[in-house]
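Before any comments, here is the structure.
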Amino acid sequence: MYPIMLNLENKKVLVVGGGRIARRKVEFLQGTGASVTVISPILEDSFKNLEFNWLKMTYKQGLANEYFLVFACTNKKEVNQLVVKDCKEGQLVNDTSCQNHSNFFNMAVISNKECLIGISTYGKNPSKSKLIKHELLKWLKNFKFD
């Protein structure tokens, strides 16, 4: 694995799904300059204050082709697999239900105006990454960047 930060300014990003995980992806994409589209027949209420384009429909074959970055976040493995299968060489795709179907995965992130810290267990234990994140947040509360 090779950790990087992506400049998403003016890049098209697709999030397939309308639940908790999809909302987290859309929320984190806010402020990146990306053009975010969500495909889902329904959305949780928590999407309310986020900025994105909503295609109110189920995912159909071929829709992922035009996007730079793709997240498959549905609760249906067959839909997630279809999204991944539709992606072409060079597209970045993350099937949140199966790391093996992804060519990247996200890290737990701590971010403020001074720094960004990424925490990864190489996709093997996201709950452990969250635990480490919470411990680091406690430590950073007292850390001065000056």
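Being at pLDDT 95 or above, assigned to a loop (DSSP other than H, G, I, E, B) and open to solvent by 90 Å² or more (accessible area, probe 1.4 Å) is a condition met by at least one residue of segment 20-42. Across segment 47-62, the qualifying residues are those that are over 17 Å from the mean Cα position of the chain (by Cα) and closer than 11 Å to residue 37 by Cα, and the one among them that is most open to solvent (accessible area, probe 1.4 Å) is 56.
One line per residue, one yes/no per condition, for (1) open to solvent by less than 70 Å² (accessible area, probe 1.4 Å); (2) more than 26 Å from residue 14 (Cβ to Cβ); (3) among the acidic types (Asp, Glu):
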residue: 69; (1), (2), (3): yes, no, no
residue: 75; (1), (2), (3): no, no, no
residue: 88; (1), (2), (3): no, no, no
residue: 95; (1), (2), (3): yes, no, yes
residue: 104; (1), (2), (3): yes, no, no
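Rundown of residues vs (1) in contact with a strand residue (DSSP E or B) (Cβ under 7 Å, 6 or more places away or on another chain); (2) not aromatic (Phe, Trp, Tyr), yes/no style:
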residue: 21; (1), (2): no, yes
residue: 32; (1), (2): no, yes
residue: 41; (1), (2): no, yes
residue: 47; (1), (2): no, no
residue: 57; (1), (2): yes, yes
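The values are calculated or read from the model by the stated rules, or taken from the named source; none is laboratory data. For clarity, every value in this text was computed on a predicted model and none was experimentally measured. So basically every Cβ, Gly included, is an ideal-geometry build from the backbone, and we count neighbours across all protein chains shown. Each accessible area value is taken on the protein alone, full model and side chains, heavy atoms only, with ligands, DNA and RNA left out. Shrake-Rupley method; radii C 1.70, N 1.55, O 1.52, S 1.80 Å.
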